[in-house]
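Below is one structure, written out as structure tokens; the observations come after it.
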Amino acid sequence: MGDRGMVIVGAGEAGVRAAFALRERGYQGTVTLIGDEPHLPYERPPLSKAGEEAETVRAIVANERFAEAGITFLRGQRAISLDPARHALLLEAGETLSYERLLLATGAAPRQFPGIATSDRIHVLRTVEDASAIRRQMREDGRLAILGGGFIGLELAAMGRKLGTAITLFEAQPRVLMRGVPEKLALALQARHVAEGVELLCGVGIETIADGESGVAIGFADGRQIKADALVVGIGAEPNTRLAAEAGLAIDNGIAVDRHLATSDPHIFAAGDCCSFPVAAYGGRRVRLESWRNAQEQGSVAAANMLGEAAPFDAVPWFWSDQYDLTLQVAGLSDGATSTVGRTLSPEAEILFHLDADGRLLAASGLGRGGAVARDIRLAEMLIARGTCPDRAALADPSVKLKSLL
Amino acid sequence: MSIWIDVCDKDEIDEEDVIRFDHDGKSYAVYRSPEDSFHATDGHCTHENVHLADGLVMDDIIECPKHNGRFNYKTGQAKGAPVCVNLKTYAVKVDGGRVFIQVG
């Protein structure tokens, strides 16, 4: 390959993993990693979970590893335009980088509530600065409102309660985690939040949000009003596609990539939260995932394909959430499931298997304390990847090792 | 001085599986390989404070239950992202049907 080098836009999990994977695969040319934050690359999952340790930012890799691996890390720099015909990327500082292959790992940006700007009292969560600002609102005598019963909202609610903050969480849908988590487990999580003292309002529509010096007032469609010191908006994220879209790359709920993570330009790849991709295990259905493991695995596969391999990305979607001492793990996509089989590991740990009409395992969701459900979810992931139709009685019986069904 | 600590009966660990063992304020993971050999490592993953006994053993590999970091439990070697720090391993012997690990 002869050779203008490899350029990676975005220094989150996907971008960093790709940079190191290029070296692990023996690539000798230049590797440039561009991150628009002023920090070393850091892990985002702890930002909504860490509790007392939130001040400690966990780096993805130690600083010296960039020099050791010969990776040029451009920190606090933004790529502003891309010219695919010239293989050129323009940085905000004025520099133009040329590339042999380019990886877009630009991530996603939190969705804002329409018409409401962030302020000292209205927050979203993506960066370490966002996390610090939210944490400052988690005082023992404080009251924090959280809009959105997704993972970010629920994890922050758990963190707030741990720090003694009064929490009101509202969700427009009839229950939390409507997307991707079965009702039974979502309701179990809801019950735990209520038991921990969270004021939980589901199925409520917001009419007004008023941001003033003395706090935030949220008015609901039914006339109720809630006042809080601050509000966190946790209503999802939008993929960062501007650079790709302006360069004419195909966009479809994110930067559209094929099963090798190549965009509509064969010299440009995309990985992580910013891209949508076909999932082999589900008939090539196109999805976009915002998950830590997906970002890592796609970064790794993208690096291989930037070097000319034709490695398909065929991982089964997997994600987790920590709330209080509970961990939720989900493997697979349950859309299309026609039946569910439950497996009770203990009074506090349960797994639900989702099967289609042919008995094929599509997804498994588990909730339990600590690592209680992890092993079975991991094995379920393997069963899903292999397209198996496991015996329902065996799935339901906790004394049958799932490993024996592989 | 190294001492041998009695962990359990060998049949308390299934083949290709792992159990947690706590002793003197420390926690260990004790493994039985598919070839019926026994091994021991520190109990917690080097990436985050998660116990490996909840993880999955496949051949020589223990996979962390949290983030799927992989280690060779026989050597302690970290097998790549997200784990980069090796696990400490401990000598194990089986005597009279009991499993012992050497600590200290």
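Derivation of every value follows stated rules applied to the coordinates shown; laboratory data play no part. Quantities reported herein were computed from a predicted structural model and do not represent experimental measurements. Quick reminder, even Gly has a Cβ in these numbers, built from the backbone with ideal geometry, and neighbours come from all protein chains shown.
Given 25 °C and 0.890 mPa s, compute D for the range A:94-146 with the Stokes-Einstein relation, Rh being the Kirkwood radius over Cα pairs; round to the nearest whole µm²/s.
Working: Rh = 14.3 Å.
For these conditions, the coefficient is 171 µm²/s.
Using the 2.2 N^0.38 Å rule of thumb for compact globular proteins, work out how the protein assembly as shown stacks up: its C-alpha Rg over that value, please.
Working: Rg = 24.0 Å, N = 510, 2.2 N^0.38 = 23.5 Å.
Against the compact-globule rule of thumb, the ratio is 1.02.
The mean number of Cβ atoms from other chains found within 10 Å of a Cβ in peptide A:314-327 is 1, as a whole number.
Under the convention that each Lys and Arg Cβ holds +1 and each Asp and Glu Cβ holds -1, the size of the dipole of chain B around its Cα centre is about 500 debye. Specify whether the C-alpha gyration tensor of the range A:163-209 places it in the rounded, prolate or oblate class, a ≥ b ≥ c being the square roots of the eigenvalues: rounded for a/c under 1.5, otherwise prolate if a/b is larger than b/c and oblate if not. Verdict is oblate for the range A:163-209. Cys residues of chain B that find no other Cys beta carbon under 4.7 Å: B:Cys8, B:Cys84.
What number results when the radius of gyration of the range B:1-64, computed over Cα atoms, is divided by 2.2 N^0.38 Å?
Details: Rg = 11.6 Å, N = 64, 2.2 N^0.38 = 10.7 Å.
Relative to the rule-of-thumb radius for its length, the range B:1-64 sits at 1.09.
Across peptide A:262-270, the mean count of Cβ atoms from other chains lying within 10 Å of each residue's own Cβ comes to 0. Between the range B:21-83 and the range A:127-179, the C-alpha centres lie 34 angstrom from each other.
FRET efficiency for the A:Cys202 to A:Ser346 pair, using the beta carbon distance and R₀ = 41 Å, is estimated at 0.90. Packing, taken as the mean count of other beta carbons within 10 Å per residue, orders the peptides A:365-372, A:110-117 from highest to lowest as A:365-372, A:110-117. Counting only residues at least eight positions apart within a chain, or on another chain, the aspartates and glutamates with an alpha carbon under 12 Å from that of B:Lys26 are B:Asp42. Its Cα centre serving as origin, chain A has a Cβ charge dipole (Lys and Arg +1, Asp and Glu -1) of approximately 680 debye.
Dividing the mean sequence gap of close Cα pairs (under 8 Å, 6+ apart) by how many residues the range A:325-400 holds gives a relative contact order of 34 percent. Between B:Asp14 and A:Ala311, the FRET efficiency estimated from the beta carbon spacing at R0 = 35 angstrom works out to 0.55. If R0 equals 51 Å, the separation of the Cβ atoms of A:Ala93 and B:Asp36 corresponds to a calculated FRET efficiency of about 0.25.
For chain A, the relative contact order comes to 14 percent (Cα pairs under 8 Å, sequence separation of at least 6).
Which values of log₁₀ I(q)/I(0), to two decimal places, follow from the Debye formula for the range A:1-90 at q = 0.10, 0.12, 0.14 Å⁻¹ with a uniform point scatterer at every Cα? Cα-only, vacuum Debye calculation for the range A:1-90: -0.30, -0.42, -0.55. Taking one quarter of the surface of the C-alpha convex hull of the range A:325-400 gives a mean projected area of 4.5 nm². Proximity of backbone amide H atoms, modeled 1.01 Å from N, is registered between B:Ser27 and B:Gly43 at under 5 Å, excluding neighbours fewer than 5 places apart on the same chain.
Here's the list of lysines a cross-link from B:Lys10 could span, going by alpha-carbon distance under 18 Å and ignoring same-chain residues fewer than 8 apart: B:Lys74, B:Lys93. The translational diffusion coefficient of the range B:28-98, from Stokes-Einstein at 4 °C and 1.567 mPa s with a Kirkwood hydrodynamic radius over alpha carbon pairs, comes to 108 µm²/s. Each part gets one Cα centre, and for the range A:14-52 versus the range A:327-401 those centres are 32 Å apart. The share of C-alpha pairs in the range A:187-267 whose separation exceeds 16 Å stands at 70 percent.
Structure note, pairs A:Lys184/B:Lys79; A:Lys401/B:Lys88; A:Lys403/B:Lys66; A:Lys162/A:Lys403: Cα-Cα distances above 26 angstrom occur for A:Lys184/B:Lys79; A:Lys401/B:Lys88; A:Lys162/A:Lys403.
Counting other Cβ atoms within 10 Å as a rough exposure proxy, the listed residues A:Ser81, A:Ser346, A:Ser291 run A:Ser346, A:Ser81, A:Ser291 from fewest neighbours to most. Each residue, A:Asp120 and B:Gln102, gets one label point 7 Å from its Cα in the Cβ direction; the gap between the two is 6.3 nm. Arranged from fewest to most other beta-carbon atoms within 10 Å of their beta carbon, A:Thr106, A:Thr32, A:Thr344 become A:Thr344, A:Thr32, A:Thr106. In units of the rule-of-thumb radius 2.2 N^0.38 Å, the range A:80-179 shows an alpha carbon radius of gyration of 1.51. Ranking of A:Phe313, A:Phe353 by neighbouring Cβ atoms within 10 Å, starting from the fewest: A:Phe313, A:Phe353.
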